[in-house]
Amino acid sequence: MTDSAQAPRRRRALFALAAAVALLAGVLAACGSTEPRNLVESIKSGKVVLGTKYDQPGLGLQQPDGSVVGFDPSVSEYVVDHIADKLGVPHPEITWRETPSAQRETLIGNGEVDMIAATYSINEARAKKVSFAGPYLVTYQGLLVRADDSTLNSLTDLNNGKKLCSVSGSTPAQNVKAQLPGVQLQEYDSYSSCVEALRRGKVDALTTDETILAGYANRYPGEFKLVSMTYPKDACVKGALKKQGQPFSTERYGIGMAQDYPDSVAAVNEAIESMLAPLPGSDQSEWSTDLRSALGDQIVDTWIDRANAPGSKYKLYPDVGDLDFLTAPSTTCEGGA
């Protein structure tokens, strides 16, 4: 074949290659940047991507129509709208993104979300990978039991051959097992599976964060009750001394964002403070109103009374912006559960 005959074929090949490159570029652009996102800049642009859970009643639940409801989405919406108001820009368009626990740091680091509020407990390991605003809620490990079960009123009651359910590999469940060797630990693949087993009488109790348990209790009115969990005796857990009467596992929920954007963290903290402030002419705040709507008045009132009791080691309202607990020394002990 002559060079003149090959020329049109080469041109067609070059055109095809150029088209393929353009198509690939479009696909990559549609997938979004892999650079971490700056929340404040995204709010200025008019569009934000917010991460939350889709499967936790009361906290983050996707509805059949695709909308997302719960306390965490309410906090997220308040935060971005408050920041927009402060900036003098319209409230941004929100795209929700499901953020399973194991993927949260990756989604933030890859720039797939602007921020995540998804029962996201602030701890030292996570704080090395992402920046946290908050905390916006303090919660504790608890028990969910059937409302008509009068035999389970404290943690030690589990020691009488009771069946305790939690998610496979759950650290809280393993801590209970270490404290109460008489409990029969049943591990399921999800909290919803545990709740169904509890409803059917296959297990006697479910343990995880009280907020998560409260969401299920509110979803099934009258079927369940919450039981507080405290250490029945002094214990050594992972080298730290836990005193008798101390609550199990204090969890502080925060809003995770990309590192290196301190202005965004400060803006979110200011928004949370505003949400916690009493509404004009009321002793209630937007925060408390949303929490009651998500988890029920009875449960929230119980937590408030518990926190206000003389000598209580519990609290409900967070110290926004205070992350000193991450580096606070703990009382050490020998061994560890």
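Just so you know, all these numbers are worked out from the coordinates, no wet-lab data involved. What you see is a predicted model; the values in this text were computed from it and never measured. In this analysis, Cβ positions are derived from the backbone assuming ideal geometry, glycine residues included, and neighbour counts consider all displayed protein chains.
Observations, loosely collected:
- The alpha-carbon of Lys44 sits under 29 angstrom from the alpha-carbons of these lysines, leaving out residues fewer than 8 places away in its chain: Lys53, Lys86, Lys128, Lys129.
- Taking region 139-242 and dividing mean pair separation by its residue count, relative contact order in percent (alpha carbons under 8 Å, at least six apart): 40 percent
- A Förster distance of 51 Å, applied to the separation of the beta-carbon atoms of Gln246 and Asp65, puts the FRET efficiency at 0.70.
- Charge dipole of the chain (Cα centre as origin; +1 on each Lys and Arg Cβ, -1 on each Asp and Glu Cβ, all else neutral): 1180 debye, rounded to the nearest 20.
- Annotation for region 91-183: trypsin sites (Lys or Arg not before Pro) lying in DSSP loop with at most 15 further Cβ atoms inside 10 Å of their Cβ are Lys128, Lys129.
- Other residues with beta-carbon under 12 Å from the beta-carbon of Val300 carry, at +1 per Lys or Arg and -1 per Asp or Glu, a net charge of -3.
- Asp81-Ala127 FRET efficiency (beta carbon distance; Förster radius 25 Å; 0.05 resolution): 0.40
- Using alpha-carbon coordinates, inclination of helix 3-31 to the longest axis of the chain, degrees: 20 degrees
- For Lys233, the aspartates and glutamates whose Cα comes closer than 19 Å to its Cα, not counting residues fewer than 8 places off in the same chain, are Asp157, Glu334.
- GNM remark for the chain: springs join alpha carbons under 10 Å apart, and the peak mean-square fluctuation among Thr139, Thr106, Thr327 falls on Thr327.
- Label of the coordinate-derived value, volume of the Cα convex hull per residue in Å³, listed as (i) 140; (ii) 130; (iii) 214: (iii)
- Rounded to the nearest 10 degrees, the angle from helix 210-219 to the longest Cα principal axis of the chain is 90 degrees.
- Virtual paramagnetic centre 7 Å along Cα→Cβ of Thr151, amide N under 14 Å, in region 174-207: 183-184, 201-205
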